[in-house]
1. If we scan segment 184-196, do we find a residue that is within 20 Å of the chain's Cα centre (by Cα), of a type in the set (Gly, Ala, Ser) and not in a loop (DSSP other than H, G, I, E, B)?
2. In the set Ala188, Ala73, which member is at pLDDT 95 or above and surrounded by fewer than 17 Cβ atoms within 10 Å (Cβ to Cβ)?
3. Kindly establish whether Val167 is closer than 16 Å to His238 by Cα and either surrounded by fewer than 18 Cβ atoms within 10 Å (Cβ to Cβ) or hydrophobic (A, V, I, L, M, F, W, C) (or both).
4. Filter segment 115-154 for residues that are at pLDDT below 90 and in contact with a strand residue (DSSP E or B) (Cβ under 6 Å, 6 or more places away or on another chain) and give the result.
5. What number of residues in segment 16-62 are in a loop (DSSP other than H, G, I, E, B) and touching a residue at least 12 places away in the same chain (Cβ under 8 Å)?
6. List the residue pairs whose Cβ atoms are under 8 Å apart, where the first residue sits in segment 148-172 and is without any contact (Cβ under 8 Å) to a residue 12 or more places away in the chain, the second is assigned to a loop (DSSP other than H, G, I, E, B) and hydroxyl-bearing (Ser, Thr, Tyr), and the two are 6 or more positions apart or on different chains.
7. For segment 225-282, how many residues meet the condition of being among the acidic types (Asp, Glu) and in contact with a helix residue (DSSP H, G or I) (Cβ under 7 Å, 6 or more places away or on another chain)?
8. Return the residue satisfying two criteria in turn: it lies in segment 41-70 and is surrounded by fewer than 18 Cβ atoms within 10 Å (Cβ to Cβ) and within 30 Å of His2 (Cα to Cα), and of such residues it is nearest to the chain's Cα centre (by Cα).
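The values are calculated or read from the model by the stated rules, or taken from the named source; none is laboratory data. As the structure is a prediction and not an experimental result, all values here were calculated from the model. In this analysis, Cβ positions are derived from the backbone assuming ideal geometry, glycine residues included, and neighbour counts consider all displayed protein chains.
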Amino acid sequence: MHNVIIIGSGCAGLTAAIYAARANLKPLVIDGHEPGGQLSLTTMVENFPGFPEGILGPELIENMRKQAVRFGAEFRAGAVTEVDFSHRPFKIAMAKESFEALTLIVASGASARMLGVESERKLLGYGVSTCATCDGFFYRTKEIAVVGGGDTAMEEAIFLTRFASKVHLLHRRNEFRASKIMLDRAHANEKIVFHTPVTVDEVLDVAKGAVEGVRITNTDTGKTEVLPVHGVFIAIGHDPNTKVFRGKLDMDANGYLKTHDGGRTNIEGVFAAGDVQDIHYRQAITAAGSGCMAAIDAEKLLEKMQQG
């Protein structure tokens, strides 16, 4: 029996673990499918407060993990396969283990959708990014590419023109999912060059360990060309890691958990924090903040339960 189990070990989950452990709740943290979350896939993080020179994403995550362990948090590798919220204690099952908890914090995050080309995975964090706000600063006066056709892609392309000399916007169709106002703003920006309808065949150059270009093919003409860019931003959406909670926790049409009054879900004692419930900000610092809130709320609920 655990006072609190935390599902996910990114910024939100680890912050929740630090707060819960300091409250002497001895939390159990289940790492999840992507241990460390999206920060573990980045290189330099320059917008997390307290690090004027920046800090490597994996190093920041490792420091937070050590901090949680120092105060008594326990960790388990693996992913949750089933949950039972029908009565308390809640039951949480993994492949070979199962646990019971009085409260639960879901911080399983959201995974960025990728293009599916091998080179993008190998260059993720080395010129390939899924977050313009996080990494745009590194591309001052350089040419970069943004892949996508929705509002997020337009917003990121416009944001990146603050730094880049030119932004190539790549989309597989001539039509866009983006709203007219966002599309008009992007078209009006002289730094943004549209390429449609194109597919991304390869990000160059894996052998050099850095992005030096992107090879695209026009699906109407069959013409292939290489754009000389130093960064590629993938902006085709995120998928929240909530499959195991379907039918058990309230979520929106895209699978993001619905929360109210902080991180509370529709089940008393089940809280959600970080990108699993955040469709707007998706920053390390906001994830950390929501993890703190969830842990404090769980602690208060446990106190109330003990008092009868």
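1. The first filter runs over segment 184-196 and keeps only residues within 20 Å of the chain's Cα centre (by Cα), leaving none.
No, there is no match, as no residue in segment 184-196 is within 20 Å of the chain's Cα centre (by Cα), of a type in the set (Gly, Ala, Ser) and not in a loop (DSSP other than H, G, I, E, B).
2. On the way: Ala73 fails: surrounded by fewer than 17 Cβ atoms within 10 Å (Cβ to Cβ).
Just one listed residue meets the conditions, Ala188.
3. no
4. Thr130, Ala132, Asp135
5. 17
6. Within 8 Å, no pair qualifies.
7. Matching residues across segment 225-282 total 2.
8. Looking at residues that are surrounded by fewer than 18 Cβ atoms within 10 Å (Cβ to Cβ) and within 30 Å of His2 (Cα to Cα), I get Pro58.
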